[in-house]
Amino acid sequence: MRRSFFKGAIATLLLLGGLAGCATPQYQTSVRLIPPEDATGRACVADCEARKTACQSDCAARYKVCAKELAPQVEARYADALKQYEIELKRYAMELRRYEMQLQLDWLHRHPFYHPWWWDPWPGPYYPLPYPEPSMPTREGVRAQLEKTHCQTDCGCLPAYDACFVGCGGQRISETVCVKNCPPAR
C-alpha cells in the first residue's frame, strides 16, 4: 500500500513540475499617438490637451472635496474595524489554545502499540496551524478604503482626449506586445 502511495506522490510531483513550465503568456497593450502634420490640426490638439488638463484638475479637486466629506465617516468606520479586530483576535487566541492542546496531546498517537508495526516513518499526525493572525486596522487604511468606494478617481478625461485627438486628424495606434512567457517566434 505504501509503494502505491509513493508512486502516486511521485507522479503528482512530476505532473506539477511539468505544468509549471507551461505558463501562459502575458501581454501588454501600449498606445501610440501620432499628431497631425498640418498647423490647424496641431492647434486643435493643443486645445484638446488644454481641455484634458482642465478635466484632470477638476477631477482632482472633486476627489479632494469628496475625501474631506468622508472625514466624519472615517472615525465611525475605524471604531467598527477595531471592534471587528477585537473579535477576530479573540477567535485567533481560542484557535491558538486549541492548537497548543492538540500538540500537547500528540504523545497519545506516539504510543508504540498505536501502530501495528514497531517503526513508523511518518513523524506523527499533522495539526494545521490556526488561520493567520488578524492584522490591526489603521485609520489610513480605513480612509483609503472609503475613498476607493465613495470617491471617483477616473473622470473619463483620457477617452475624451483620445476622441478629440483623433477628431483633429491625429492617429491613435494600439499595439499588444508579449512581455512574459512569450511563445517562440515563427
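Computed from the coordinates by the stated procedures, all read-outs in this text should not be read as laboratory data. Model, not experiment: these values are computed from the prediction. Cβ: placed from backbone, ideal geometry, glycine included. Neighbour counts: every protein chain shown.
Could you check the spin-label model distance between residue 24 and residue 87? Points 7 Å from the Cα along Cα→Cβ, value in nm.
3.6 nm
First measure r as the distance between the Cβ atoms of residue 61 and residue 144, then evaluate 1/(1 + (r/R0)^6) with R0 = 25 Å and state the FRET efficiency to the nearest 0.05.
Step by step, r from the Cβ atoms, then E = 0.85.
Hey, what do the phi angles of region 31-42 turn into as Karplus ³J(HN,Hα) couplings, whole Hz, using 6.51/-1.76/1.60 and θ = phi - 60°, x for Gly and Pro?
Taking θ as phi minus 60°, the curve returns 10, 10, 10, 10, x, x, 8, 7, 5, 5, x, 5 Hz for region 31-42.
Starting from the Cα of residue 182, step 7 Å along the direction of its Cβ; do the same at residue 155; then give the gap between the two resulting points in nm.
According to this spin-label approximation, the distance is 3.9 nm.
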